[in-house]
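The values are calculated or read from the model by the stated rules, or taken from the named source; none is laboratory data. Everything numeric here is computed off the predicted structure, so don't read it as measured data. Neighbour counts run over all protein chains shown; Cβ positions are idealised from the backbone, glycine included. Surface accessibility is based on the protein's heavy atoms, side chains included, excluding ligands, DNA and RNA. Shrake-Rupley method; radii C 1.70, N 1.55, O 1.52, S 1.80 Å.
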Amino acid sequence: MIYVSPESTDAPKDPREDPREDPQEGPREAHRAGADDDAGVHAEYSAPVAAFVERLAGDLTEAGMQRMAARVFACLLVSEQGALSSAELGRRLRISPAAVSGAVRYLGQLHMLTRERVPGSRRERYRLHADVWYESLTSREALMNRWLNTFESGLAALEPGSPAGRRVAETGEFLAYLRDELHGVMERWRERREQQDADRPEPGSGRGEGEADG
């Protein structure tokens, strides 16, 4: 999947670069924004989890997502509650508040997270949607419809049957097909999730253990 920011046309950066270097801050600023030297990068993670965060962020960056947004997404994904405050994200990734702000704004535009108030506090935190990929993909329907309208206007401007007209028509047909198929895929996924939830034993019910003994 290709991730494109509605506000940015910057090319993705190479994920092999130093993960502490961000376009909005140099390595020195990133170091000051994080924990002390002896805490290390991803101070609240184990080494294997930290490696997974950076690997996933690199894969998402290769797919077109902004690099810092990819790191923030991966960081939220592996957090226990799927939600972290700006300060927690800054500590774990050793990035500045400005970098966190830009990343969560980008992810919000992709419908991948929401902002919520911490109970009993004035602080806010950012939470991934429970069905983050479902939300992200279904939100693309409006974008696809806009593209289809654009291609229809292109067909009206081009000579019917011309090579250019055929290319534009085929592109529009592919997008319409993709949009329609996406509906079916998302519906089947929703039904599968509901069935999995219905089959999953409730905590403390002892269903699985009792059935195995019988």
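Hey, could you check the range 84-103 for residues that are under 20 Å from Pro119 (Cα atoms) and open to solvent by 10 Å² or more (accessible area, probe 1.4 Å) and say which is nearest to the chain's Cα centre (by Cα)?
Ser86
Considering only residues that are aromatic (Phe, Trp, Tyr) and either loosely packed, with under 11 Cβ neighbours inside 10 Å or closer than 28 Å to Leu107 by Cβ (or both), which ones fall in the range 149-184?
Phe174, Tyr177
For a quick check of your reading of the model, give me the residue pairs whose first member lies in the range 181-198 and is closer than 13 Å to Asp131 by Cβ, whose second is surrounded by 10 or more Cβ atoms within 10 Å (Cβ to Cβ), with beta-carbon atoms closer than 8 Å and at least 6 apart or on different chains.
Pairs found: Met186/Tyr134; Met186/Leu137; Met186/Thr138; Trp189/Tyr134; Arg190/Tyr134; Arg193/Asp131.
Please state which of the following conditions Ala50 fails to meet, knowing it meets all the rest: (1) under 16 Å from Tyr126 (Cβ atoms); (2) surrounded by 17 or more Cβ atoms within 10 Å (Cβ to Cβ); (3) out of contact with any helix residue (DSSP H, G or I) (no Cβ under 7 Å at 6 or more places or on another chain).
Only one criterion is unmet by Ala50, namely (1).
Condition check: free of Cβ contacts under 8 Å to residues at least 24 places away in the same chain, surrounded by 11 or more Cβ atoms within 10 Å (Cβ to Cβ) and more than 30 Å from Ser79 (Cβ to Cβ). Does Arg146 satisfy that?
Spelling it out, it is not the case that Arg146 is free of Cβ contacts under 8 Å to residues at least 24 places away in the same chain, surrounded by 11 or more Cβ atoms within 10 Å (Cβ to Cβ) and more than 30 Å from Ser79 (Cβ to Cβ).
Among all residue pairs at least 6 apart or on different chains, which show Cβ distances below 7 Å where the first residue, located in the range 120-137, is free of Cβ contacts under 8 Å to residues at least 12 places away in the same chain and within 30 Å of Glu187 (Cα to Cα) and the second is among the β-branched types (Val, Ile, Thr) and assigned to a loop (DSSP other than H, G, I, E, B)?
none
For the range 59-77, state whether one or more residues are over 30 Å from Arg190 (Cβ atoms), open to solvent by less than 60 Å² (accessible area, probe 1.4 Å) and out of contact with any Pro (no Cβ under 7 Å at 6 or more places or on another chain).
Yes, that holds for at least one residue.
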